[in-house]
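Trainee: Mind having a look at this structure? Questions to follow.
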Amino acid sequence: LYQIIINPAGSQLLISGPNSVPVGIVGVPYPSTTFSATGGSGGPYTFSDSTQFLPLTMSISSAGVMSGTPNETRNGTLEVVVQDSLNNQATRQYPMTITNFSCPLGFAALGSSYSSEVTLSPFVTIA
């Protein structure tokens, strides 16, 4: 028994999202980012970091979720590859930066309460 799959015109395998990836900060959990694909022979799609650009403490799951806590800086191009059910592949490049940014006030999470103590000298102006 053989199965023949004919892809209609316009069904090229593509990584359809996201349009960009967030900046990462060393030591801070990376915002979970999900890659998606369209076309090709259909799913299941599997994703990976084709150039091993990510620090060892981050990864892209086969389902396309990039996560982890970066342990070192990066500045360059993340190349994501997707593979469809017939092993067709497509790639997409994303400019990506992971920085050593540090904030003396600490970090706040969106939607969470935040407080920090600040001591000002008599000659400090906050604008």
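The values are calculated or read from the model by the stated rules, or taken from the named source; none is laboratory data. Nothing here was measured: the structure is a model prediction, and the numbers come from that model. Ideal geometry is used to build each Cβ from the backbone, glycine not excepted, and the neighbour counts take in all protein chains shown. Quick note on the areas: whole protein, heavy atoms, side chains included, nothing else; ligands and nucleic acids left out. Shrake-Rupley method; radii C 1.70, N 1.55, O 1.52, S 1.80 Å.
Trainee: Regarding Asn75, is this residue assigned to a loop (DSSP other than H, G, I, E, B) and either modelled with pLDDT under 95 or open to solvent by 60 Å² or more (accessible area, probe 1.4 Å) (or both)? I'd like the intermediate steps shown before the answer.
Mentor: Working: assigned to a loop (DSSP other than H, G, I, E, B): no; either modelled with pLDDT under 95 or open to solvent by 60 Å² or more (accessible area, probe 1.4 Å) (or both): yes.
Considered against the rule, which asks whether it is assigned to a loop (DSSP other than H, G, I, E, B) and either modelled with pLDDT under 95 or open to solvent by 60 Å² or more (accessible area, probe 1.4 Å) (or both), Asn75 comes out as no.
Trainee: Looking at Gly111, Gly42, which one is closer than 18 Å to Ile15 by Cβ, at pLDDT below 95 and not hydrophobic (A, V, I, L, M, F, W, C)?
Mentor: One residue alone meets the criteria, Gly42.
Trainee: Restricting the first residue to region 10-23 and requiring it to be in contact (Cβ under 8 Å) with a residue 40 or more places away in the chain and closer than 17 Å to Gln89 by Cβ, which pairs with a second residue that is part of a loop (DSSP other than H, G, I, E, B) and open to solvent by less than 60 Å² (accessible area, probe 1.4 Å) meet a Cβ separation below 7 Å and a spacing of at least six or different chains?
Mentor: From residues that are in contact (Cβ under 8 Å) with a residue 40 or more places away in the chain and closer than 17 Å to Gln89 by Cβ, the pairs are Gln12/Gly39; Leu13/Gly39; Leu13/Gly40; Leu13/Asp84; Leu14/Gly39; Ile15/Phe35.
Trainee: Still on this structure, I have one more. Testing Gln52 on (1) on the phi > 0 side of the Ramachandran plot; (2) open to solvent by less than 60 Å² (accessible area, probe 1.4 Å), one condition comes back false. Which one is that?
Mentor: Tallying (1) on the phi > 0 side of the Ramachandran plot; (2) open to solvent by less than 60 Å² (accessible area, probe 1.4 Å), Gln52 fails exactly one: (2).
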